[in-house]
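Working notes for the structure below.
Read the figures in this text as sums done on the coordinates, not as results from a lab. All values reported here derive from a predicted model rather than from experimental measurement. A quick note on method: Cβ atoms are made from the backbone with ideal geometry, for glycine too, and the neighbour counts reach across all protein chains shown.
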Amino acid sequence: MDVRNCECLTVAIATTNEVQNYQLEARHALDQLNTAVASITNNVPTVQTIDQIIGAVSYQFQARQLCVQCEIQEQAQATNSCFAALAEQTQQLISSTAAAAAACNNMPRPRPPPATSQLHDEERPDIYITIDTFWETKPALAYRRTSARIKPKAPSTDTL
């Protein structure tokens, strides 16, 4: 026998073995499927019960979905009407504010008083502090701010 023939024969035998193994595996898988089909076929009432349960759950889900959709539509309509009213009020407020601003801009403005400088040792006027306002004016005096309740000292007539 030739060496080439031996190699070919070995390859052919290996291929045949693989095919046979594949056939055995396929037959085994087919047997398992047949067993599963037989058990399902024998349990027709169970399959029907499962089908009925799925149908009922599906019906309940669809009914609930329809209710939720209706609620969403009602809420959207109510919200839209509220927003429409709010938009109308906002537009009226903008119009009235614009009119008031235009009226204020057309009014004559008084001249501001001349600026004074506190950098050039200007004297501050004397002030009278009553005992009831002393405790609230003490911090203001420390920071050189006067309260609205503190009255400047009236000029005396003898210095005029």
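Once the chain from Ala87 to Ala103 is taken as fully extended at 0.36 nm per residue, the excess over their C-alpha distance is 3.3 nm. Using R0 = 30 Å, the C-beta based FRET efficiency linking His28 and Gln62 works out to 0.10. Given R0 = 45 Å, the distance between the Cβ atoms of Ser95 and Cys70 translates into a calculated FRET efficiency of 0.75.
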